[in-house]
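So the structure is just underneath, and the comments pick up after that.
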Amino acid sequence: MGTKANRDIFKQLLNGETISSSNNQAHRLLEESFATKKMLLLLNNTADPSEIRSILSEITNSQIDKSTTVFTPIHINYGKNTKIGKNVFINFDCTFLDLGGITIEDNVLIAPRVNIISEGHPISSQTRKSLVPGAVRIKKNAWIGTAATILSGVTVGENSIVAAGAVVAKDVPDNTIVGGIPAKIIKAIPE
């Protein structure tokens, strides 16, 4: 498999490995981000739903199902580590930082200005420019409220609701409503 330094930086990120700013492939993160930005210019300047899905399919390197609706603008830093299920609705002005991986399962509702962040940085000022990935998973039938932020490493449970403006730093159990900063359980949703 080779040494860590020789393995693909994007595979290292998906494996949850911290990437040092001195990594010999760190330049690729910016290069790919700018390539994605070029495609986002096209995506964010069309109102045609099929064209949006087509360009988003290219950005994510996966087929976006025709049952999925995305309102633009949308902001993505990489794209290839985002997987979007069927019958998903993504509203205006959402941001996905997906180097650590983002999975949005079927029937998920994402309100305007939602941030899904699968990467962060160490606390130590000496290593702060390193990148720490953590996959985010939004399970089936979840609803993410307006301006909520889902942080690195979080799973939002099936059928759960994240209240508007919440900052979610810990996993959300299935069938649960969470809200606040940091998000806390408000109540269970009857099955």
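The values are calculated or read from the model by the stated rules, or taken from the named source; none is laboratory data. On a predicted model such as this, the values are computed, not experimentally measured, just so you know. Cβ placement follows ideal geometry from the backbone for every residue including glycine, while neighbour counts extend to all protein chains displayed. Heads up: the accessible areas ignore ligands, DNA and RNA and are worked out on the full protein's heavy atoms, side chains in. Shrake-Rupley method; radii C 1.70, N 1.55, O 1.52, S 1.80 Å.
Checking the table Lys86/Lys184; Lys37/Lys80; Lys37/Lys66; Lys37/Lys139; Lys38/Lys83; Lys11/Lys139 against a 18 Å threshold on Cα-Cα, which pairs fail?
Pairs exceeding 18 Å: Lys86/Lys184; Lys37/Lys66; Lys37/Lys139; Lys38/Lys83; Lys11/Lys139.
With only alpha-carbon atoms in the gyration tensor, what are the semi-axes of the equivalent ellipsoid for region 5-51, in Å, largest first? Intermediate results must be reported in sequence, preceding the final value.
On the way: eigenvalues 180, 28, 10 Å².
Its equivalent ellipsoid spans semi-axes of 30, 12, 7 Å.
Quick one: accessible area per residue over the chain, 1.4 Å probe, rounded to a whole number of Å²? Intermediate results must be reported in sequence, preceding the final value.
Working: 9790 Å² over 191 residues.
Per-residue accessible area for the chain comes out at 51 Å².
Could you give the Stokes-Einstein D for region 34-191 in µm² per second, using the C-alpha Kirkwood radius, 25 °C, 0.890 mPa s?
157 µm²/s
Under a 5 Å amide H to amide H cut-off, with H placed in plane at 1.01 Å, what residues pair with Ile150 once short-range neighbours are removed?
Asn115, Ile116, Ile117, Val168
So which residue, out of Asn107, Asn141, Asn45, gets the largest mean-square fluctuation from a GNM of the chain using Cα contacts under 10 Å as springs?
Ranking Asn107, Asn141, Asn45 by mean-square fluctuation puts Asn45 first.
Residues with beta-carbon under 13 Å from that of Asn107, excluding Asn107: net charge, scoring Lys, Arg +1 and Asp, Glu -1?
On the way: positive: Lys86, Lys139, Lys140; negative: Asp65, Glu105, Asp106, Glu158.
Result for the neighbourhood of Asn107: -1.
Explain nothing, just the number: dipole magnitude of the chain about its Cα centre with +1 on each Lys and Arg Cβ and -1 on each Asp and Glu Cβ, in debye rounded to the nearest 20.
On the way: 20 positive and 17 negative charges, 81 e Å.
The calculated dipole for the chain is roughly 400 debye.
Taking θ as phi - 60°, what are the ³J(HN,Hα) couplings along region 80-89 by the Karplus curve (6.51, -1.76, 1.60), each to the nearest whole Hz, with x for Gly and Pro?
5, 9, 10, 10, 10, x, 8, 6, 8, 10
Amide H to amide H under 5 Å from Thr103: which residues, 5+ apart in sequence or cross-chain, H placed 1.01 Å off N in plane?
Under 5 Å from the amide H of Thr103: Lys83, Val136, Arg137, Ile138.
Order 119-127, 71-79 from most to least packed using the mean count of other Cβ atoms within 10 Å. Don't jump to the answer; show the numbers that get you there.
Working: 119-127: 12.4, 71-79: 19.6.
In descending order of packing, they fall as 71-79, 119-127.
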